[in-house]
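The next block holds one structure in the form of structure tokens; read it before the comments.
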Amino acid sequence: MADSPTTGMIGLGNMGGRIARRIRDGGYPIVGYDASPAALEQSGVVAAASIAELVERSDVVFLSLPDSHVIEAVVHGDDGLLASARDGQVVIDLSTADPGSSARIHGELGSKGVEFIDAGISGGAAAAERGTLVIMAGGSPAPLAALAAVFETFSSAVYHMGEPGSGHTTKVLNNFLNAIALAATAEAMVAGRKAGLDLAQLLDVLNHSTGVNFATLNRFPHVIEGDYLEGGLTNELMAKDMRLYLALLQQLGVTSFTGTACLGAFDLAGALGYGKQISNRVVDAIGDVAGGVRLQGYERTVDPGGESR
């Protein structure tokens, strides 16, 4: 592979756009494609007119897409990866996807001499902006080593987890823990507000006690000040990830005692109108059904039909 491979990014949303810019600013040529002209324009990278054109112009193709249905359409479409990819190319899927689907795609692209890496990412939009994402990858380790310098433009650590599908399996497990920490902390913070506690002090106690987690450390110090850290994973996508987790556990024969309750919190957020907003807004959904509680002291009235005012 060339010292400075030309890369392509399919999917230029919150994460894909940021990663593409990090790769560009790191000195690697990159072209981008997105079904949304607005996302393509906002990305600031050179545009390809189609997936086929992007694949033709790229040595390495990154995917940053919403779910496996979209990924499979990109792979199997008339001008998709299977139709366009060539021997020696590398495709790296940075999405959160069904591990079984990822393993199948690995085999399909492998039949054309294309290396497919399922590479879950963690850290959110802020880490993508800083270039400090964590990568958890499945598939052959050889492309990871060959592309180490490219990964360094947007990540701080790359873990090879094993066989095809293992990267996305790791990502699904991580996202479950992320989701349950967020939902549980949101519930506790609403209860703390209703109990009349000083929320900044409550967080200080939690962060020096056994209740500490990513949400208490990194999310709620901002949320209680009215900053929801917009731009990250939405409630709809968090619910999607929870469904992936529950499906994975069913396939593995592991009983989940907490997964369905956690999914319920993000489904509630969707039902109350927060679906396309950042997942931190789940605290407002929980606050709504607790009588209109806001951590910042603002209370919103919710009528029995679910409408807010």
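At each listed q (0.12, 0.15, 0.21, 0.27 Å⁻¹), what is the log10 of I(q)/I(0) that the Debye formula gives for the range 92-175 modelled as equal alpha-carbon point scatterers?
With no solvent term, the Cα-only Debye profile gives -0.31, -0.48, -0.90, -1.30.
At q = 0.09, 0.12, 0.13 Å⁻¹, what is the base-10 log of I(q)/I(0) for the range 114-265 according to the Debye formula with one equal point scatterer per Cα and no solvent? Please give it to two decimals.
Log-scaled intensity ratios, in q order: -0.36, -0.62, -0.71.
What order do His160, His168 take when sorted by accessible area (1.4 Å probe), most exposed first? Walk me through the numbers before you get to the answer.
Numbers: His160 80, His168 0 Å².
From most exposed to least exposed: His160, His168.
Rounded to a whole number, what is D in µm²/s for the range 189-271 from Stokes-Einstein with the Kirkwood radius over alpha-carbon pairs (10 °C, 1.306 mPa s)?
The diffusion coefficient I find is 108 µm²/s.
Could you work out the percent of alpha carbon pairs in the range 1-158 separated by over 24 Å, rounded to a whole number?
Counting every Cα pair in the range 1-158, those more than 24 Å apart make up 22 percent.
Kirkwood Rh over alpha-carbon pairs of the chain, then Stokes-Einstein at 37 °C and 0.692 mPa s: what D in µm² s⁻¹, rounded to an integer?
Once the numbers are plugged in, D ends up at 161 µm²/s.
Are there trypsin sites (Lys or Arg not before Pro) in the range 99-178 that DSSP marks as loop and that have at most 13 other Cβ atoms within 10 Å, and which are they?
none
Leaving out ligands, DNA and RNA, and with a 1.4 Å probe, what % of the accessible surface on the range 150-309 is carbon or sulfur?
55 percent
Net charge within 10 Å of Gly138 by Cβ-Cβ distance, Lys/Arg positive one each and Asp/Glu negative one each, not counting Gly138 itself?
-2
Longest exposed-loop-site-free stretch of the chain, with chymotrypsin sites (Phe, Trp or Tyr not before Pro), DSSP loop and at most 15 other Cβ within 10 Å?
Within the chain, the longest run free of exposed chymotrypsin sites (Phe, Trp or Tyr not before Pro) spans 1-256.
Taking a cut-off of 13 Å, what percent of all Cα-Cα pairs in the range 169-228 are separated by more than that?
61 percent
HN-Hα J couplings of the range 6-12 from phi, Karplus 6.51/-1.76/1.60, θ = phi - 60°, integer Hz, Gly and Pro as x?
7, 10, x, 10, 9, x, 10
Out of residues 5 or more away from Gly8 or on other chains, whose amide H comes under 5 Å of its own, with H placed 1.01 Å from N in the peptide plane?
Close amide H contacts, sequence-distant or interchain: Val31, Val60, Val61, Phe62.
The values are calculated or read from the model by the stated rules, or taken from the named source; none is laboratory data. None of the values given here were measured: they were computed from a predicted structure. Ideal geometry is used to build each Cβ from the backbone, glycine not excepted, and the neighbour counts take in all protein chains shown. Remember, those area values only see protein heavy atoms, side chains included, never the ligands or the DNA or RNA. Shrake-Rupley method; radii C 1.70, N 1.55, O 1.52, S 1.80 Å.
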